[in-house]
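> My questions will all concern the structure given below.
What follows draws every value from the coordinates through simple rules; no lab data is involved. What you see is a predicted model, and the numbers here were worked out from it, not measured in a lab. Positions of Cβ are generated from backbone atoms using ideal geometry, with glycine treated the same way; all protein chains shown enter the neighbour counts.
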Amino acid sequence: MSWLDAEQSKAFAGIVDLVGEVVADMVSNNEKLPIPLSEKKYSGRFAVRVPSMVHQKLALEAAERGVSMNRLVSAKLAM
């Protein structure tokens, strides 16, 4: 969803109004409202496929640093 206006406050107000309209429409059509991202629960696990050379490079770097590959990749993602 988007709303355009030259003034930031009016653009934001437009978005707020639009979201209200969409939520009302969803409720009137008995649609399930999405869970806000801030309220979702995350397991802390996800799988990522990488090329074999990237996997090898990460494994070697982790071994050189004396840490697990999981710890190394987690630190890199947090940067």
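> When the C-alpha atoms of region 1-40 are aligned to their principal axes, what extent does each axis show, in angstrom, from largest down?
Reported extents, whole Å, longest axis first: 35, 24, 11.
> How many lysine pairs are close in the chain, with Cα atoms under 25 Å apart and the two 8 or more places apart or on different chains?
Values: 32/40; 32/41; 40/76; 41/76; 57/76.
Qualifying lysine pairs in the chain: 5.
> What nm value, rounded to one decimal, do you get for the distance between residue 42 and residue 78 when each label is placed 7 Å out toward the C-beta?
Here the answer is 1.3 nm between the modelled labels.
> Normalise the Debye intensity by I(0) for region 39-79, one equal point scatterer per Cα, no solvent, then take log10 at q = 0.14, 0.16, 0.24, 0.29 Å⁻¹ and round to two decimals.
-0.37, -0.47, -0.88, -1.10
> How big, in percent, is the set of alpha carbon pairs in the chain lying more than 16 Å apart? The partial results should precede the final answer.
Numbers: 2191 of 3081 pairs.
I get 71 percent for the Cα pairs in the chain exceeding 16 Å.
> Right, something else. Before rounding to the nearest 500, sum -39500 (n - 2.57) across all DSSP H runs of length at least 4 in the chain and divide by the residue total; then give [θ] at 222 nm in deg cm²/dmol.
Numbers: 3 runs with 45 residues, N = 79.
So the calculated ellipticity at 222 nm is -18500 deg cm²/dmol.
> While we're on this one: With springs only between Cα atoms under 10 Å, which of 41, 57, 32 fluctuates most in a Gaussian network model of the chain?
57
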